[in-house]
Amino acid sequence: NIKSKEDVYNEIENNNVKFIRLQFTDIQGVVKDVEIPVTQVKKALETGISFDGSSIEGFVRIDESDMVLRPDVRSFALLPWDQGKGVVARMVCDICKPDGSPFEGDPRYVLRRVLKEAHDMGFSFNVGPELEFFLFQVENGKATTKPHDFGRYFEFAPADLAEDIRREIVLGLIDLGFNIEAAHHEVAFGQHEIDFKYDDALSTADNVVTFRYVTRTIAKLNGLHATFMPKPLTSENGSGMHVNLSLSKDGKNAFYDPQDEEEVDQMAYHFIGGVLEHIKGITAISNPLINSYKRLVPGYEAPVYITWSGPNRSSLVRIPAARGQSTRVELRSPDPSCNPYLTFAAILAAGLKGIKEQIDPGEGTDVNIYDLTPKGLADRNIETLPPTLLDAANHLAKDDFLRDALGAHVHDNLLRIAYAEWDAYKLQVHDWETNRYLNAV
Ligand code: ADP
Ligand code: MG
Ligand code: MG
Ligand code: MG
Ligand code: MG
């Protein structure tokens, strides 16, 4: 466990590290890095490394582009694959302005700020994500949408061709310090899930970003393309990133109450109440692509209706059956294309509001919602998630609470990007339209 600058210097020495990649993410959660030779590491840790932030999406205007990367020593890790030119380590960075104050457009800072609010209430916030992804064939150097295998859920070899690659990804992640809980073939052809143990929200967000590039890199080294695109195949399940959420106080799970009939603390219900109240705006963050909304449709195991329940898996939010330290709330809408820092920040802010204001989440829905008729849905007052990115962005735009939680800079930039995406999309004539209408009218 690396905790200080001295620990980093020792690791570098002991492992003969030659280069260090300083990692951060833009507002969309896309990983960026600046590589420095080890000769610069002292400078990086003492004063930070300057870079031009103006060409990073969602960062700053050209007239105030000087930014400083401050590596977080606790994130020091050796990259597991062979780099050819010597051992490479990485550190995740916070982003500061030249005067040393945190940059309000840094997603890591946005999460830190909401976490501080939780800490002030005595809580730490734990998140355990379940990332799904596809492995596709590569032809002539280009990714295709041909699944790498035709395996199904929990399938074994020989139908599951990806056992070896999945193991290689798992081993790479373990080298980077991940605590892997399970890895399995998912429901769709070529689709997989790898689960790692929950951790504090900041470490988990760092891990999600790391997970994505490790998976893509190891797939590429095996001649395959890994993608976290939410819905790459029309008639197959899409890829989600369920997030398992809990608060702890003094090392104890605050959602667990052994005295309660359900053994669930009232706080968990209030947390759910806060999240459900803001879920439409949160969706623009947790499901940030045009394509995200092609996953959130009935029939493919993805949530559509704004409901919560016990262990029943058709709900947007569920309380899995496990109790004790594993008592948690699972939110099933986020997908793995999201920015995990901003997604966790928005969820936590809403959940804390729920606790402070004791927001009642309403009745749980312990029936299979997919079996309900439109009348059944209306009778129960069940609302749906935003059907498009445009709709989600409109909800985020009018959500002053989320604007406050994310900060105006991030809120403005998320909306700018979402609306630009929608404008570009709406101009396109899709194959579907041509096929349907060209001969019909
Ligand atoms: P599912 O049954 O939905 O497929 P998984 O077993 O795939 O769930 O994943 C469960 C996730 O929940 C794991 O990442 C696990 O570490 C995490 N988890 C377990 N306990 C907690 C907790 N108290 N707080 C947050 N996450 C937790
Ligand atoms: Mg799972
Ligand atoms: Mg499981
Ligand atoms: Mg799954
Ligand atoms: Mg799950």
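Please identify every one of the GluC sites (Glu not before Pro) in region 1-69 that sits in a loop by DSSP and has no more than 15 other beta carbons within 10 Å of its own beta carbon.
Sites meeting the loop and neighbour criteria: E57.
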Quiz item: In region 140-217, which trypsin sites (Lys or Arg not before Pro) are in a loop and have at most 13 other Cβ atoms within 10 Å, using DSSP for the loop call?
Solution: K197
Quiz item: Principal axis lengths of region 221-333 from Cα atoms, whole Å, largest first?
Solution: 51, 35, 23
Quiz prompt | Packing-based ranking, highest mean first, of 275-287, 172-184 given that Cβ atoms within 10 Å are counted | solution = 275-287, 172-184
Quiz prompt | Segments 379-389, 223-233 sorted - mean Cβ within 10 Å per residue, highest first | solution = 223-233, 379-389
Quiz item: Long-range amide H contacts for V31: which residues qualify at under 5 Å (H placed 1.01 Å from N, peptide plane, sequence gap of 5 or more or a different chain)?
Solution: none
Quiz item: Taking Cα pairs under 8 Å and at least six residues apart, what relative contact order does region 143-203 come out at, in percent?
Solution: 34 percent
Practice problem: List, largest first, the extents of the alpha carbons of region 226-291 along their principal axes, each in whole Å. | Solution: 47, 25, 23
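Using 0.36 nm per residue, how much length does the chain from N10 to V138 gain when fully extended, once their Cα-Cα distance is taken away?
Answer, rounded to one decimal: 42.0 nm.
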Quiz item: DSSP beta bridges in region 1-128, what fraction antiparallel, as a percent rounded to 5?
Solution: 75 percent
Self-check item: Cα pair distances exceeding 13 angstrom across region 260-308, given as percent
Solution: 67 percent
Self-check item: Rg and Dmax [Cα atoms of region 338-394; Å; Rg one decimal, Dmax integer]
Solution: 14.8, 38
Practice problem: Using all C-alpha to C-alpha distances in region 105-161, build P(r) with 5 Å bins and read off the rounded percent in each one. | Solution: 4, 13, 13, 12, 10, 7, 8, 12, 13, 7, 1, 0
Exercise. Using Cα positions and a limit of under 20 Å, work out the aspartates and glutamates in reach of K252, with same-chain residues fewer than 8 apart set aside.
Key: E117, D120, D199, D200, D260, E261, E262, E263, D265, E330
Quiz item: Ordered by packing density, taken as the mean number of other Cβ atoms within 10 Å over each peptide's residues, highest first, how do 128-134, 323-329 rank?
Solution: 128-134, 323-329
Quiz item: For region 204-363, what is the charge dipole size about the Cα centre, in debye to the nearest 20, if Lys and Arg each add +1 at the Cβ and Asp and Glu each add -1 at the Cβ?
Solution: 860 debye
Quiz item: Along region 367-375, what does the Karplus equation 6.51 cos²θ - 1.76 cosθ + 1.60 (θ = phi - 60°) give for ³J(HN,Hα), rounded to whole Hz, x for Gly and Pro?
Solution: 10, 6, 5, 5, 8, 6, 7, x, 5
Self-check item: Relative contact order of the chain, defined on C-alpha pairs under 8 angstrom at six or more residues apart (%)
Solution: 15 percent
Practice problem: Going by C-beta contacts inside 10 Å, put W432, W422, W308 in order with the fewest on the left. | Solution: W432, W422, W308
Quiz item: For labels at F401 and N439 in the simple 7 Å Cα→Cβ model, what's the distance in nm?
Solution: 5.2 nm
Quiz item: In whole Å, what is the distance between the alpha-carbon centres of region 296-340 and region 107-147?
Solution: 16 Å
Self-check item: Full-stretch length increase - D423, L171 - with 0.36 nm per residue and alpha-carbon distance subtracted
Solution: 86.5 nm
Quiz item: Residue separation times 0.36 nm, minus the C-alpha to C-alpha distance between E262 and V34: what's the value?
Solution: 77.1 nm
Self-check item: Orientation-averaged projected area, Cα convex hull of region 286-441 (nm²)
Solution: 12.0 nm²
Quiz prompt | Where only C-alpha atoms are counted, convex hull volume of the chain per residue in Å³ | solution = 175 Å³
Self-check item: Alpha carbon convex hull of region 23-169, projected area averaged over orientations, nm²
Solution: 13.3 nm²
Quiz item: For K18 and E383, what is the calculated FRET efficiency with R₀ set at 56 Å and r taken between the beta-carbons, to the nearest 0.05?
Solution: 0.55
Self-check item: D99/D412 FRET efficiency (R0 30 Å; Cβ-Cβ; nearest 0.05)
Solution: 0.85
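Run through every distinct alpha carbon pair of region 45-108 and return the Kirkwood hydrodynamic radius in angstroms, one decimal place.
Across region 45-108, the inverse of the average 1/r is 13.1 Å.
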Quiz prompt | Volume of the Cα convex hull of region 92-132, divided per residue and given in Å³ | solution = 101 Å³
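From the cross-link list K18/K42; K32/K146; K294/K398; K43/K85; K42/K116, which pairs have alpha carbons spaced over 19 Å apart?
K32/K146; K294/K398; K43/K85; K42/K116
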Exercise. Pick out, from N253, L396, P98, the residue whose Cα sits farthest towards the positive end of the charge dipole of the chain, with +1 on the Cβ of Lys and Arg and -1 on the Cβ of Asp and Glu.
Key: P98
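Determine the shape class of region 108-252: with a ≥ b ≥ c the square roots of the Cα gyration tensor eigenvalues, call it rounded for a/c under 1.5, and otherwise prolate if a/b is greater than b/c, oblate otherwise. Walk me through the intermediate numbers first.
Working: a/c = 2.23, a/b = 2.17, b/c = 1.03.
Prolate is the answer for region 108-252, as a/c is 1.5 or above and a/b outweighs b/c.
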Self-check item: Share of pairwise Cα separations in region 357-441, more than 17 Å, in percent
Solution: 69 percent
Quiz item: How many angstrom lie between the C-alpha centres of region 260-292 and region 353-387?
Solution: 12 Å
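No lab work stands behind these numbers, since they all come straight from the coordinates. Computed from a predicted model, the values in this text were never measured in an experiment. Note that we place each Cβ from the backbone using ideal geometry, even for glycine, and neighbour counts take in every protein chain shown.
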